[in-house]
Structure formats: structure tokens, C-alpha cells
Amino acid sequence: MEDRFRDVQRGYDQVAAEYADRIFGELAHKPFDRALVDRFADVVRPIGPACDVGCGPGHVARYVHERGLLVVGVDLSSEMVVQARRLSPAISFCQGSMLALPFADDSVGGISAMYSIIHVPRDLLPVAFAEMRRTLRLGGALLLAFHLGDRDVHLEEWWGKSVSIDFYHFDRTEIERHVLDVGFVVQESVERPPYPDVEHQSRRAYLLARKPGVDER
């Protein structure tokens, strides 16, 4: 594992149970996010299984599963995987890094990464996106969500637990450029303000991209 991710893994191991309690039901209060995940699921359904990268307690994977897709969740934190398996025993979850996904080339129809690239240092973003592209089938979809801003955040304490985690904020065009550079086609790129009383009060961005099919090369 990339050494810079070890603190992220340890931090999420520390807060996994409380994170699951706080976050698992959040999509019920986020209609914008649900609509995007619905569109993602519609693209992926005829292509193949989906993968939720940085799945946390598995709430996005659960939502995708309920829309009729085979899905597997991957998270850096082993304790978060424990929570995801507890909450959604019908879905497969495993520990892994987005820098080295545990899947063969061209093996999945879609990848969702909802607020998981926020822990990837900028110099490693090309590695992560190239790895996602490697595992996607032709025509497969990539759905990204991330925080916007020009100031990163470092936490030493989180919900009473000692951690050392960096949260990176990006410009939307910055992420678009990285996605395009590794060979994706961007289909949607949108922003929204935060929902009050539901989530951290940061502006958010969403990208829906595709790995070009044979006739698009």
C-alpha cells in the first residue's frame, strides 16, 4: 500500500462504527446524488457489474444493488468493510486500494467513487484514474463526487478519536483534466451547494464519464 494512505486507513478504522451510524442513511436526504447514481446505474446495467471504490459503510453500493446491479464495494479500511458487511450482507465487500484495484483488466461495467478521491494526494490522482480505466469495460461508466475549494484540511481528531488524515479539495476543471488525460470521455460535470443540516457545508462537484467503446476510438 502507498505509505501516504496508511494514516487514512488507520483513521477510518478508528471511526468506522460511528461513521456508519452517521452516514449510512444519508442518500435518503440527497435527491441530487440519488438522481446521478440512478443515471450511472442505467449506463452500467447492460455492461456489467459495478464497483463502489471507497465504499465506506456501503450505502452507495446498497443503493446500486437495489437498482438491480451486481456490485462489489472496496474500501481501504478493514473496519469499514466490517461495517459494510454487517449492514448489507447480500453484497460483497473487500479491503483494497484504488491505486491497485483487485480486479482484472476490462472486468467491471462501472465504478463509483463518491468522496473517496478526497484522500488521494494530487500527484497520485493520475495513478488512481488510470487504474479505474484499466478495470472498466469498453463503454463503462465512472461516477466521481468530491469537495470543491482551494484549501485542504488536516484532521488530528475526529469524533473524539486521534487521527491524522488529509482531506483534499479540488477544482472541477482540475479533475476533469485528469480524467480526460487517462482516456475517459466526460458526459456530465456539475456542481451543487451543500444540503443544510445533512452534510459538511462544502460545495460539491460530480463527474460522470465513460471509457470509450470500440466505435468511439
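In table form, for the structure just shown:
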item	result
Cα shape, the chain, gyration tensor, a/c 1.5 rule	rounded
By accessible area with a 1.4 Å probe, ligands and nucleic acids excluded, highest first: order of Thr173, Thr135	Thr173, Thr135
DSSP bridge orientation in the chain - percent antiparallel, rounded to nearest 5	55 percent
Folded to 0 to 90 degrees: helix 125-135 orientation relative to the chain principal axis, Cα	50 degrees
Rounded accessible area of His65 (nearest 10 Å², 1.4 Å probe)	70 Å²
Total formal charge among the other residues, if their Cβ is under 9 angstrom from that of Ser164, Lys/Arg +1 and Asp/Glu -1	-2
Potential lengthening between Val186 and His29 on full extension [0.36 nm per residue; Cα-Cα distance subtracted]	53.9 nm
Value in Å of the Kirkwood radius, where segment 111-208 supplies the Cα pairs that are averaged	14.4 Å
Per residue solvent-accessible surface (Å²) - the chain, probe of 1.4 Å	45 Å²
Between segment 54-113 and segment 124-153, the Cα center-to-center distance that results, in Å	15 Å
In nm, spacing of pseudo-spin labels at His200 and Asp152 (7 Å Cα→C-beta vector)	1.3 nm
Rounded if a/c under 1.5, otherwise prolate or oblate - segment 1-130, Cα gyration tensor axes	oblate
Acute angle (nearest 10 degrees) that the helix 31-44 long axis makes with the longest principal axis of the chain, alpha-carbon atoms	40 degrees
Heavy atoms of Cys55: accessible area, 1.4 Å probe, square angstrom to 10	0 Å²
Per-residue [θ]222 nm for the chain (sum of -39500 (n - 2.57) over DSSP H runs n ≥ 4, rounded to 500)	-10000 deg cm²/dmol
Solvent-accessible surface (1.4 angstrom probe) belonging to His29, in square angstrom, nearest 10	110 Å²
Accessible surface, 1.4 Å probe, highest first, among residues Arg22, Arg151	Arg151, Arg22
Within the accessible area of the chain (1.4 Å probe), percent carbon and sulfur	50 percent
Computed over segment 75-119, the ratio Rg/Rh where both radii use C-alpha atoms and Rh is Kirkwood	0.96
Solvent exposure, largest accessible area first (probe 1.4 Å, DNA, RNA and ligands not counted), of Phe93, Phe24	Phe24, Phe93
Folded to 0 to 90 degrees: helix 6-23 orientation relative to the chain principal axis, Cα	90 degrees
Label point distance in nm, Leu87-Leu70, each placed 7 Å from Cα along Cα→Cβ	2.4 nm
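The values are calculated or read from the model by the stated rules, or taken from the named source; none is laboratory data. As the structure is a prediction and not an experimental result, all values here were calculated from the model. Every residue, glycine among them, receives a Cβ derived from its backbone with ideal geometry; neighbour counts consider all protein chains shown. When the accessible area is computed, the model is the full protein with side chains, heavy atoms only, and any ligands, DNA or RNA have been set aside. Shrake-Rupley method; radii C 1.70, N 1.55, O 1.52, S 1.80 Å.
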